[in-house]
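Let me begin by presenting the structure, written as structure tokens, before commenting on it.
Coordinate-derived values only; no laboratory data. All values reported here derive from a predicted model rather than from experimental measurement. Every residue, glycine as well, gets a Cβ built from its backbone with ideal geometry; the counts of neighbours run over all protein chains shown.
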Amino acid sequence: MEKKERKFLVAVDESKESMFALYWCITKLIPHTTNVKLVLLYVQPTPAFHSFIASGCAFYNDVILDMDKYCIDLVDSVMERAGDICKKSNTTDIKIERIIGRGDAKDVICNAVKKFEADTLVMGTHSYGFFKRALVGSVSDYCAMYAKCPVVIVKHP
């Protein structure tokens, strides 16, 4: 009887902390597991200029297209870096799926955990201090409390 596929959802973004969390997952968690699927999730924030459009402010079409292109290029760059980490770590026997979400990162990540039935969520932390976390909030803290699976928060050395 074949073992159930284990799904590791790794939240990636443009930060070195998230790329280190991916590397850590591949080198520390996955080698001890068989039948693995790695889901790389990038959450694209809703661009601020979309709210200006919704409020009636007009932008030139080429400005909007340039901003959308920048967002697409950023996603491509993050996924390419994540793919490079996977290749360098010899993950040839692991199924990899790339997912792009849009919206508030904490909500998108927790919803993705449910949708993809992740067994483990892995994410980096920016290690903000108390005051910055109080003002900005912490995506990793939120996910640790509300994700419907175990959460591994990896601190960059």
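Suppose R0 equals 25 Å; then what is the FRET efficiency for THR34 and LYS87 from their Cβ-Cβ distance, rounded to the nearest 0.05?
0.75
If you stretched the chain out fully between LYS4 and PHE20, how much longer would it get, using 0.36 nm times the residue separation minus the C-alpha to C-alpha distance?
Computed gain between LYS4 and PHE20 is 3.1 nm.
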